[in-house]
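J.: A single structure is presented below for examination.
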Amino acid sequence: MKPLEDILVIDLSQFLSGPSASLKLADLGARVIKIERPETGDICRKLYVSNVNVNGNSTVFHAINRNKESFTADLKSSTDLERLIKLIKRADVVIHNFRPGVIERLGLDYKTLTKINPEIVYGEISGYGKEGPWKAKPGQDLLLQSLSGLTWLSGNKSDGPVPMGLAIVDIISGAHLVQGILAALIRKGITGKGAKVEVSMLESVIDLQFETITTFYADGGQPVERTKSNNAHSYLGAPYGIYKTKDGYLALAMGKIPILGNLLKCEALTAYKTPSSLFDKREEIKYILSKHLMTGTTKQWLAILEPADIWCSEVMDWKTLMETEAYQSLQMEQMVEMGDGFKFKTTRCPIRIDGEILLSPKGTPNLGEHNKHIVSEFNL
């Protein structure tokens, strides 16, 4: 039995942040009913990150909305709204990510819903919170990365701002919402009291940077300085970074430079003996190291460094990773099947409970696929 079985989640959210949260709840056993617009559905159904179409919808939609049921409802229709309210009366959790003001106009705000279901755990994600001059700005991932300082942490000094190649703000915001919802469900189980859980994408991406921002506070607000080359962390000293070798790339984490110099037979590195030089001289060290590492292959360097317990790694792409025994032993892949019989491969929930891998073989719902069954089951 999964830990959230018998928990009913009504998911009014679209795009990535809210649906990523409801996916995690579904994989932990919750029943998630996804509320979608008639005819068009979640806009994410047609939000393509490539030109790959999977059974009529985007890969993004399939990745983030599997293991759910789809119920279409026009929230501007009094009949559909009445049906939705009947569902919410039976629900444990409601999730939305509308812009501030929209949910109030629909009459589905927390204050209103607590009159219908006093024990409801109500989760909402906004872009920038409900107050302040940015509250009406679009909560889109790249915009949040750009406003939050995140883009100045990756890449080298001359690269300008570098965004992450993932919808990282959406994903971390969804994860934070799940944390809050689970905490609220625990309290509900103890006291019977519901809760309103609020997450803004801006607060989430700021919290994501807690390590570096705390350093920024402590050093008097000194500007972030990426190294000219091989930068992997703006605040860490040499050798931290990724280096080109004769046939690929090698990642090096923290380490003592003189030891590296001796192991790699690079005499120039042995001169940097003091801990402060890792930071004060990191440009020099990285330059020497990058030139030296290009004289050998990745496997040659790993054969020297790994037995000496130096933190290092080959830099792999997905194909290379997936061919390794380490990846295969994780059993991270699963086949899921849609209601129409279409099957596709995706990742599984990364959490194990009592050693058990949490698989969820139910695929993505077609638009409105579960309307008839839900109307009958809940007497809507």
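The values are calculated or read from the model by the stated rules, or taken from the named source; none is laboratory data. Just so it is clear, the structure is predicted and the values come from calculations on it, not from any experiment. Positions of Cβ are backbone-derived with ideal geometry, glycine not excepted, and every protein chain shown enters the neighbour counts.
J.: Quick test for you: out of GLU203, GLU225, pick the one residue that is closer than 27 Å to LEU143 by Cα, of a type outside the set (Phe, Trp, Tyr), surrounded by fewer than 17 Cβ atoms within 10 Å (Cβ to Cβ) and in the same structural domain as SER148 (by TED's automatic domain parsing).
T.: Numbers: GLU225 fails: in the same structural domain as SER148 (by TED's automatic domain parsing).
Every option except GLU203 fails the conditions.
J.: Any residue in the stretch 31-44 that is of a type in the set (Val, Ile, Thr), closer than 20 Å to GLU337 by Cβ and in the same structural domain as ASN366 (by TED's automatic domain parsing)? Can you show your working first?
T.: Going residue by residue through the stretch 31-44, those that are of a type in the set (Val, Ile, Thr) are 32-33, 35, 40, 43.
Adding the requirement that they be closer than 20 Å to GLU337 by Cβ leaves 32-33.
Cutting the leftovers down to in the same structural domain as ASN366 (by TED's automatic domain parsing) gives us 32-33.
There is at least one residue in the stretch 31-44 that is of a type in the set (Val, Ile, Thr), closer than 20 Å to GLU337 by Cβ and in the same structural domain as ASN366 (by TED's automatic domain parsing).
Let's see how each residue does on (1) more than 26 Å from the chain's Cα centre (by Cα); (2) more than 20 Å from ASN366 (Cα to Cα):
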{"residue": "VAL60", "(1), (2)": "no, no"}
{"residue": "ASN67", "(1), (2)": "no, no"}
{"residue": "THR79", "(1), (2)": "yes, yes"}
{"residue": "ASP92", "(1), (2)": "no, yes"}
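J.: Anything in the stretch 176-196 that is closer than 30 Å to SER154 by Cβ and either surrounded by fewer than 16 Cβ atoms within 10 Å (Cβ to Cβ) or in contact with a helix residue (DSSP H, G or I) (Cβ under 7 Å, 6 or more places away or on another chain) (or both)? List them, or say none. Before the answer, list the steps.
T.: Initial filter on the stretch 176-196 (closer than 30 Å to SER154 by Cβ): 176-180.
Once the filter is applied, which keeps residues that are closer than 30 Å to SER154 by Cβ and either surrounded by fewer than 16 Cβ atoms within 10 Å (Cβ to Cβ) or in contact with a helix residue (DSSP H, G or I) (Cβ under 7 Å, 6 or more places away or on another chain) (or both), the stretch 176-196 yields HIS176, LEU177, VAL178, GLN179.
J.: To continue, here is another question. Could you list, in sequence order, the residues of the stretch 293-315 that are buried (at least 16 other Cβ atoms within 10 Å of the Cβ) and touching a strand residue (DSSP E or B) at 6+ places or on another chain (Cβ under 9 Å)?
T.: LEU293, THR298, TRP301, LEU302, LEU305, ILE310, CYS312, GLU314 - these are the residues of the stretch 293-315 that are buried (at least 16 other Cβ atoms within 10 Å of the Cβ) and touching a strand residue (DSSP E or B) at 6+ places or on another chain (Cβ under 9 Å).
J.: Give the residue that is surrounded by the most Cβ atoms within 10 Å (Cβ to Cβ), with candidates limited to residues of the stretch 24-60 that are within 15 Å of THR347 (Cβ to Cβ), out of contact with any Leu (no Cβ under 6 Å at 6 or more places or on another chain) and not β-branched (Val, Ile, Thr).
T.: ALA26
J.: Going by what's in this entry, would LYS2 be described as out of contact with any Phe, Trp or Tyr (no Cβ under 8 Å at 6 or more places or on another chain), charged (D, E, K, R) and not assigned by TED's automatic domain parsing to the domain that holds ASP170? Spell out the reasoning first.
T.: On the way: out of contact with any Phe, Trp or Tyr (no Cβ under 8 Å at 6 or more places or on another chain): yes; charged (D, E, K, R): yes; not assigned by TED's automatic domain parsing to the domain that holds ASP170: yes.
So LYS2 fits the description; yes.
J.: Further question: Residue by residue through the stretch 343-380, note down the ones that are more than 11 Å from MET332 (Cα to Cα), among the basic types (Lys, Arg) and without any contact (Cβ under 8 Å) to a residue 40 or more places away in the chain. Walk me through it before giving the result.
T.: Filtering the stretch 343-380 down to residues more than 11 Å from MET332 (Cα to Cα) leaves 343-344, 352-356, 360-380.
Subsequent filtering for residues that are among the basic types (Lys, Arg) retains 343, 352, 362, 372.
Passing the criteria: LYS343, ARG352, LYS372.
J.: Looking only at residues in the stretch 364-378 that are at negative phi and part of a loop (DSSP other than H, G, I, E, B), which one is surrounded by the fewest Cβ atoms within 10 Å (Cβ to Cβ)? Don't jump to the end; show me each part of the working.
T.: First pass over the stretch 364-378, keeping only residues at negative phi: 364-367, 369-378.
Next, from what is left, pick out any that are part of a loop (DSSP other than H, G, I, E, B): 364-367, 369-370, 378.
On the way: THR364: 27, PRO365: 22, ASN366: 17, LEU367: 19, GLU369: 19, HIS370: 18, PHE378: 15.
In this case the residue turns out to be PHE378.
J.: Can we say VAL9 is buried (at least 23 other Cβ atoms within 10 Å of the Cβ) and either free of Cβ contacts under 8 Å to residues at least 60 places away in the same chain or in a strand (DSSP E or B) (or both)?
T.: Numbers: buried (at least 23 other Cβ atoms within 10 Å of the Cβ): yes; either free of Cβ contacts under 8 Å to residues at least 60 places away in the same chain or in a strand (DSSP E or B) (or both): yes.
In short, yes.
Residue-by-condition table, conditions (1) out of contact with any Gly (no Cβ under 7 Å at 6 or more places or on another chain); (2) touching a residue at least 24 places away in the same chain (Cβ under 8 Å); (3) among the aliphatic types (A, V, I, L, M):
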{"site": "LYS286", "(1), (2), (3)": "no, yes, no"}
{"site": "LEU293", "(1), (2), (3)": "yes, yes, yes"}
{"site": "LEU302", "(1), (2), (3)": "yes, yes, yes"}
{"site": "ALA308", "(1), (2), (3)": "yes, yes, yes"}
{"site": "ASP317", "(1), (2), (3)": "yes, no, no"}
{"site": "MET322", "(1), (2), (3)": "yes, no, yes"}
{"site": "LEU330", "(1), (2), (3)": "yes, no, yes"}
{"site": "GLN334", "(1), (2), (3)": "yes, yes, no"}
{"site": "GLY341", "(1), (2), (3)": "yes, no, no"}
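J.: Return the pairs, sorted by first residue and then second, in which the second residue is not in a helix (DSSP H, G or I), the first residue lies in the stretch 261-272 and is in contact (Cβ under 8 Å) with a residue 12 or more places away in the chain, the beta carbons are less than 8 Å apart, and the residues are 6+ apart or on different chains.
T.: Within 8 Å, the pairs are LEU263/ILE310; TYR272/ALA238; TYR272/LYS281.
J.: Which residues, counting only those in the stretch 140-175, are surrounded by fewer than 16 Cβ atoms within 10 Å (Cβ to Cβ) and either closer than 18 Å to GLU211 by Cβ or aromatic (Phe, Trp, Tyr) (or both)?
T.: Residue satisfying the conditions is MET164 alone.
J.: Now for a separate question. Got a sec? Which helices (runs of 4 or more DSSP H) wholly within the stretch 254-353 have at least 3 residues that are within 30 Å of GLU225 (Cβ to Cβ) and among the aliphatic types (A, V, I, L, M)? Break it down into steps so the answer makes sense when it comes.
T.: Numbers: elements: 257-264, 277-280, 282-293, 298-305, 318-322, 325-330.
Filter on the stretch 254-353 gives 257-264, 282-293.
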